[in-house]
């Protein structure tokens, strides 16, 4: 028999979520529901994603999802033909109305599960549909200022697309930690003006469990200024990391270039909070992490280093923690700065992705 499921709502008695660590996936007859091949083609519709800006954006969505250590990969073939569910093709298109079930985007999964002198369980198709109605809510660029939760009003198709492509791997929503299968528009790497979608530790962990590790090994460590803030139904909510005083109280806030910043005193000891992830294949030990003060929101090793530490990171947990730092006593009064972090700031790890190693929290010196 064929079973069809929308998003992650389980509509058949044989479909039950199977929990392993935080990631969650569907199985049937005791088997994970998987594609028969670890290489699948997705077909974005050229009407919904015309050549240029929107086609580039949806291609970038697939590229960003593929930046994970598993052996599974999507490829892209633009499709000018008709689209539809249950037609044997993995497709992506824009639509309006009831097909979206009230969501900004939705993934319809189609799989086979039956017993006939043995178990027959496999994934057949995933279709990803974006809400193309009014008001328009999408951007396909990687500019921070376009995005909701920064100074804009839009959602990146790359973050939401990565979430929906995760459903193609039969991953469920997760509401227990910071992850792409939760509030995807709050799961993003930002440094300077650039905002980058990424699969993240938890979905990468699930993909490796289902499809194994790619060869040669894909290594990637990352740091973001987002963290888990609680559950909202099936979804995890995320919020930005903060700066505390030495007693653990959140510092007074101030608007810095449209983002929440924290008021600090010169010479003050603060506790800066960031989220660290291992999005690669193997556990990394003794990772060097540097902390910096910058005059802008682009954190680099050319900025002023004010502290350092080391971490051990494995691909089985998202690690949100604080570090004690002393605000330099010679910073200018009444001036905005950015307290930054760079993971692997000595470039000791040969990483597949280097662009997610630095981020920031704004501060203003009293």
Checklist entry - Going by the alpha-carbon gyration tensor, a ≥ b ≥ c the square roots of its eigenvalues, is segment 222-366 rounded (a/c under 1.5) or, if a/c is not under 1.5, prolate (a/b greater than b/c) versus oblate? => result oblate
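If you take every DSSP beta bridge fully contained in the chain, what fraction is antiparallel? Give it as a percent rounded to 5.
Numbers: 75 of 95 bridges.
Antiparallel bridges: around 80 percent, rounded to the nearest 5.
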Item to check | Average Cα contact separation per residue, the chain, under 8 Å, 6 or more apart, as relative contact order % | outcome: 16
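Among 281-294, 152-165, 78-91, what's the highest-first ranking by average C-beta atoms within 10 angstrom per residue? List each step's numbers first, then the result.
Numbers: 281-294: 17.6, 152-165: 23.5, 78-91: 14.9.
My ranking of the peptides, most packed first, is 152-165, 281-294, 78-91.
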Item to check | Antiparallel content of DSSP bridges confined to segment 2-215, in %, to 5 | outcome: 60
Checklist entry - Hey, what angle do you get for helix 157-168 against the long axis of the chain, alpha-carbon based, 0 to 90 degrees rounded to 10? => result 50
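With a/c under 1.5 counting as rounded, go ahead and sort segment 17-103 into rounded, prolate or oblate using the C-alpha gyration tensor (a ≥ b ≥ c being the square roots of the eigenvalues; past the cut-off, prolate if a/b is larger than b/c, else oblate).
Numbers: a/c = 1.92, a/b = 1.49, b/c = 1.28.
The shape class here is prolate.
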Item to check | Computed lengthening from residue 193 to residue 71, 0.36 nm per intervening residue step minus Cα-Cα distance | outcome: 40.8 nm
Next on the checklist: Please report the spacing between the Cα centers of segment 161-239 and segment 47-91 in Å, no decimals.
Outcome noted: 18
Checklist entry - Is segment 2-215 best put as rounded, prolate or oblate by its Cα gyration tensor, with a ≥ b ≥ c the root eigenvalues, rounded for a/c under 1.5, and otherwise prolate when a/b is larger than b/c, oblate when not? => result prolate
Checklist entry - By counting other Cβ atoms within 10 Å of each Cβ, how are 344, 184 ranked from fewest to most? => result 344, 184
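I need to check one value: relative contact order of segment 239-365, counting alpha carbon pairs closer than 8 Å and at least 6 residues apart, in percent.
On the way: 272 pairs, mean separation 40.4, N = 127.
It comes to 32 percent, rounded to a whole number.
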Checklist outcome for this item: Taking 64-70, 241-247, 44-50 and ranking on average Cβ neighbours within 10 Å, highest first, one gets 64-70, 44-50, 241-247
Item to check | Beta bridge orientation in segment 258-366: antiparallel %, DSSP, nearest 5 | outcome: 90
Item to check | Extended-chain gain in nm, criterion 0.36 nm per residue less alpha-carbon gap, residue 355 and residue 263 | outcome: 30.3 nm
Checklist entry - Going by average Cβ neighbours within 10 Å, how do the peptides 167-177, 296-306 rank, with the highest at the top? => result 167-177, 296-306
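Read-outs: derived from the displayed coordinates by stated rules, not from any lab. These figures come from a predicted structure and were not determined experimentally. Cβ: placed from backbone, ideal geometry, glycine included. Neighbour counts: every protein chain shown.
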